[in-house]
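Structure first, then comments.
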Amino acid sequence: MKKVLIIEDDKFLRELLGKKISSLGYSAVLAIDGEDGLEKMKTEKPDIILLDLILPGMNGFEVLEQAKKNPTINETPIIILSNLGQSEDIEKGLRLGAKDFLVKAHFTPQEIVNKIQMFLN
Amino acid sequence: MNNEKNSINIDKDKILIMVNNFPDGLLIVDEKENIELISPSTEYLLKQKKENIVGKNLYRISSSEIDLKPLIKVFKEKEEKNKEEVTLNNLLLEVSSFNFQNNKGRLIIVHDVSRGKLVEKMKTEFVSIAAHQLRTPLSAIKWSLKMILDGDAGEVSKEQKELLEKTYSSNERMIGLINDLLNVTRIEEGRFLYNPEEMQLEEIIINTLKDFEEIIKIKKVDVKFKSKEKQLPPLIIDKEKMTLAIHNLLDNAIKYTVPHKGKINIFLEQKNNDVIFKIEDNGVGIPKDQYERIFSRFFRGDNVIKMETQGSGLGLYTTKNIIESHNGKIWFDSEEGEGTTFYFSIPFKV
């Protein structure tokens, strides 16, 4: 079973998405902030990561930078899932190595899973 | 001889009036770098009285309140400057220096940009906070409604489904409204182009059309795109903004035509030094008495409000702003009940 790490500070969003992802045959691992996310990247070794940007403490861009610097996890695809969406943010995210940038309000849970599927194949 | 003297006096008078009423800090310096004249604003910016500046050497001015060194350091004898940024006492200044002819000294302009920069920063922050704060609860509503509708939380009756679908589309409308507002703020934030690059308008049209494929199919609208010339000259375009402009025009054309009967034609052509974009529809048209307000903020035509279609009244306003920031022009022809044609022109480099 492929493992998806969700780094999202909003409890409701995190759990909704976790539920959807689990129901479609993936294993969902949840992280509540950037520090927790980085830790779980190392211990859980997910196949793909969904990363929020505005997080308490370390923000998503910093998480992305750290992850890309670490040779044991820098191959794992990271998709940014945020409600920011200005071209500066998108460019920055992609420049730092994210595979895609999804604005939460523009995607349904099913559409997010479709994206995950696409990157895993 | 007398006449000449008179005209010199008048010129001197003009210069004095200009300097005394100029909003920026102005310093006129002679060939030995001694300060001859300053504008009243200079006193405020340098926190020093006029009598302690005029007559002094430019490199020896000082103030008891603030350190003027960061400013003085900018100057080198006879070297011209154009808007060099200096931070002085929490103020952000742009300093320029222009030499007079025949080595007769120079003019130094100290322009305070602190307020502008602050407002710009606040606006950018507002946009990003608004986006995040408003979109987060809406995402939660969207995701949970969709999951209930998908049956992820158990079976849903037909009646429940209908209500939930209506709620879902209201929520989608709200998300759309926020996008429109953000776009307006972003466009107004700078009337400059964020990311100009050389490209073909055709490419943007083809990409934008792809976003509408589904709705075109559902509404059974006949959309055609033709370019008159084989190869039009490339334009300097901000891709994101231009996409938004064309998206808005196409969105209106589709929205305001009758399903199954809609015909939309898009043309591109070259005329003099412009590339002209034209989008023609056979939709509801614009009432004559509302022509003047069509590009104003939050305006929606009487006839389209009655159609109950969604709209924020920001699309054409934003589009006009975008076209104008590309040094272009936008206009339209319309006949109520017959259809509307919108045009815009963007100049290309010759």
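The values are calculated or read from the model by the stated rules, or taken from the named source; none is laboratory data. All figures in this text were calculated on a predicted structure; none of them were measured in a lab. Backbone-built Cβ (ideal geometry, glycine too); neighbour counts: all protein chains shown. Ligands, DNA and RNA are excluded from the accessible area calculation, which covers all protein heavy atoms including side chains. Shrake-Rupley method; radii C 1.70, N 1.55, O 1.52, S 1.80 Å.
Return the residue satisfying two criteria in turn: it lies in region B:309-329 and is under 14 Å from the mean Cα position of the chain (by Cα) and charged (D, E, K, R), and of such residues it is surrounded by the most Cβ atoms within 10 Å (Cβ to Cβ).
The extreme case among them is B:LYS320.
Can you pull out every residue in region A:33-51 that is in a loop (DSSP other than H, G, I, E, B) and either out of contact with any helix residue (DSSP H, G or I) (no Cβ under 8 Å at 6 or more places or on another chain) or at pLDDT below 95 (or both)? Outline the logic, then answer.
Step one: filter region A:33-51 for residues in a loop (DSSP other than H, G, I, E, B), giving A:33, A:45-47.
The answer is A:ASP33, A:LYS45.
Only one residue in A:VAL63, A:VAL4 is touching a helix residue (DSSP H, G or I) at 6+ places or on another chain (Cβ under 6 Å) and over 20 Å from A:THR108 (Cα atoms). Which one?
Just one listed residue meets the conditions, A:VAL63.
Please work out if B:GLY301 is touching a Phe, Trp or Tyr at 6+ places or on another chain (Cβ under 6 Å), closer than 19 Å to B:ARG173 by Cβ and at pLDDT below 90. Steps first, please.
On the way: touching a Phe, Trp or Tyr at 6+ places or on another chain (Cβ under 6 Å): no; closer than 19 Å to B:ARG173 by Cβ: yes; at pLDDT below 90: yes.
Judged against the criteria, B:GLY301 is not a match.
Determine which single condition A:ILE21 fails, assuming it passes every other condition in (1) open to solvent by 20 Å² or more (accessible area, probe 1.4 Å); (2) touching a residue at least 60 places away in the same chain (Cβ under 8 Å).
Against the list (1) open to solvent by 20 Å² or more (accessible area, probe 1.4 Å); (2) touching a residue at least 60 places away in the same chain (Cβ under 8 Å), A:ILE21 comes up short only on (1).
Within region B:15-39, can you find the residues that are on the phi < 0 side of the Ramachandran plot and touching a Gly at 6+ places or on another chain (Cβ under 9 Å)?
Within region B:15-39, B:ILE28, B:VAL29, B:ASP30, B:GLU31, B:LYS32, B:ASN34, B:ILE35, B:GLU36, B:ILE38, B:SER39 meet the criteria.
Closer than 12 Å to A:VAL4 by Cα, out of contact with any Leu (no Cβ under 7 Å at 6 or more places or on another chain), modelled with pLDDT of 95 or more and within 14 Å of chain B (Cβ to nearest Cβ), is that true of A:ILE21?
yes
Could you list, in sequence order, all residues of region B:129-148 that are open to solvent by 50 Å² or more (accessible area, probe 1.4 Å), under 40 Å from the mean Cα position of the chain (by Cα), more than 7 Å from every other protein chain (Cβ to nearest Cβ) and more than 12 Å from A:LEU13 (Cα to Cα)?
If the condition is that a residue be open to solvent by 50 Å² or more (accessible area, probe 1.4 Å), under 40 Å from the mean Cα position of the chain (by Cα), more than 7 Å from every other protein chain (Cβ to nearest Cβ) and more than 12 Å from A:LEU13 (Cα to Cα), then B:ILE129, B:GLN133, B:LEU134 are the ones that fit.
With B:LYS239, B:LYS306 as the choices, which residue is open to solvent by 10 Å² or more (accessible area, probe 1.4 Å), within 14 Å of chain A (Cβ to nearest Cβ), farther than 17 Å from B:ASN179 by Cβ and out of contact with any strand residue (DSSP E or B) (no Cβ under 6 Å at 6 or more places or on another chain)?
None of the other options fit; the residue is B:LYS239.
Within region B:149-203, which residues are open to solvent by less than 40 Å² (accessible area, probe 1.4 Å), modelled with pLDDT of 90 or more and part of a helix (DSSP H, G or I)?
Correct list: B:LEU149, B:LEU164, B:TYR168, B:ASN171, B:ILE175, B:LEU201.
Of A:ASP36, A:ASP10, A:ASP47, which residue is in contact (Cβ under 8 Å) with a residue 60 or more places away in the chain and either among the acidic types (Asp, Glu) or open to solvent by 50 Å² or more (accessible area, probe 1.4 Å) (or both)?
Numbers: A:ASP36 fails: in contact (Cβ under 8 Å) with a residue 60 or more places away in the chain; A:ASP10 fails: in contact (Cβ under 8 Å) with a residue 60 or more places away in the chain.
Testing whether each residue is in contact (Cβ under 8 Å) with a residue 60 or more places away in the chain and either among the acidic types (Asp, Glu) or open to solvent by 50 Å² or more (accessible area, probe 1.4 Å) (or both) leaves just A:ASP47.
Take the residues in region A:75-116 that are among the aliphatic types (A, V, I, L, M) and in a loop (DSSP other than H, G, I, E, B); name whichever of them is nearest to the other protein chains (Cβ to nearest Cβ). Working first, answer last.
Quick first cut of region A:75-116, residues among the aliphatic types (A, V, I, L, M) only: A:78-81, A:84, A:90, A:94, A:96, A:98, A:102-103, A:105, A:112-113, A:116.
Then drop every residue that is not in a loop (DSSP other than H, G, I, E, B), which leaves A:84, A:96, A:98.
On the way: A:LEU84: 6, A:LEU96: 17, A:ALA98: 17 Å.
Here the residue is A:LEU84.
Output the residues belonging to region B:246-283 that are surrounded by fewer than 18 Cβ atoms within 10 Å (Cβ to Cβ) and either free of Cβ contacts under 8 Å to residues at least 12 places away in the same chain or of a type in the set (A, V, I, L, M) (or both).
Answer for region B:246-283, where residues must be surrounded by fewer than 18 Cβ atoms within 10 Å (Cβ to Cβ) and either free of Cβ contacts under 8 Å to residues at least 12 places away in the same chain or of a type in the set (A, V, I, L, M) (or both): B:VAL258, B:ASN272.
Taking B:SER96, is it open to solvent by less than 40 Å² (accessible area, probe 1.4 Å), out of contact with any Phe, Trp or Tyr (no Cβ under 9 Å at 6 or more places or on another chain) and modelled with pLDDT of 85 or more?
yes
I need the full set of residues from region B:20-55 which are open to solvent by 40 Å² or more (accessible area, probe 1.4 Å) and in contact with a Ser or Thr (Cβ under 7 Å, 6 or more places away or on another chain), in order please.
B:ASN20, B:PHE22, B:PRO23, B:LYS47
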